[in-house]
Amino acid sequence: MKRTFLFLLLAAAPAVLAPPRAIGQVNREAAPGPAQAAPYKYEVFAGLAYSRIRQVPVSFSGLVGGKISVARDWGKYFQLMGSADYYKVGTGHAGLSNPGDPSVYTFLVGPALHASLYENLSGVVFGEVGGEHTGGEHMTPSISFAGGFGGGLAYSLGRNWAVQLTGDRVAASFSLPNNTPQLANSTNRTWNVRGTFGVVYRF
């Protein structure tokens, strides 16, 4: 009995005499690592843009301009996007004696699905609805309902920055040139193919 008591006393002595710092040490391998950075919720895009201009058939075949958009992430794959475009510089059919002075702007909103494809490469598909205005050509109506769909690819340069290439196809309905009220200003639906390239900032 005395031997058992002496053995327990000797075994407990190092624990009693050890400093509190040594007792409080934690195995580093078992300790939790640093918290991961929170996923971003917003992304802003700005870039150059090109649009066909089928609603003015006797003018330029396309216009060059710019586009800005803002997207809000909801979950891992879903986004809600809003964009505005403006096109003014004519391209194609420059040999026409009178190509006119057309301009186009659009404002569109819609849902999008995006996902990582491979390493830094990601993809997005989206639908969009809103309005389109054709200026400089006395088009009717002044602003047409517009809508379409598109997609694109983005390459991440870091956590916050990426370059992005997108394309979409947007429909709108304007009257034909020189259409008069006597013809009821009947509209003609056109599909304009558009492309953009620019920079994305995520935060």
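Values in this text are rule-based calculations from the coordinates and carry no lab data. Because the structure is predicted, anything quoted here is derived from the model rather than measured. As a convention, Cβ positions derive from the backbone with ideal geometry for all residues, glycine included, and neighbour counts pool all protein chains shown.
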Which trypsin sites (Lys or Arg not before Pro) does the range 122-203 hold that lie in a coil by DSSP with at most 13 other beta carbons within 10 Å?
159
Across bins of 5 angstrom width beginning at 0, how are the C-alpha pair distances of the range 52-141 distributed, in whole percent?
3, 12, 19, 17, 14, 12, 10, 8, 4, 1, 0
Tell me which aspartates and glutamates have Cα within less than 17 Å of residue 76's Cα, excluding those fewer than 8 residues away on the same chain?
43, 119
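Taking the number of other C-beta atoms within 10 Å as the exposure measure, put 67, 41, 88 in order starting with the fewest. Mind showing how you got there, number by number?
Working: 67 23, 41 12, 88 15.
So the ranking, lowest neighbour count to highest, is 41, 88, 67.
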Would you kindly derive the ³J(HN,Hα) couplings of the range 110-117 from the backbone phi angles with the Karplus curve 6.51 cos²θ - 1.76 cosθ + 1.60 (θ = phi - 60°), listing them in order in whole Hz, with x for Gly and Pro?
x, x, 9, 10, 9, 7, 6, 9
Taking every alpha carbon pair in the range 42-202 and sorting the distances into 10 angstrom bins from 0 up to the bin holding the longest one, the percent per bin comes out as 11, 38, 29, 15, 6, 1
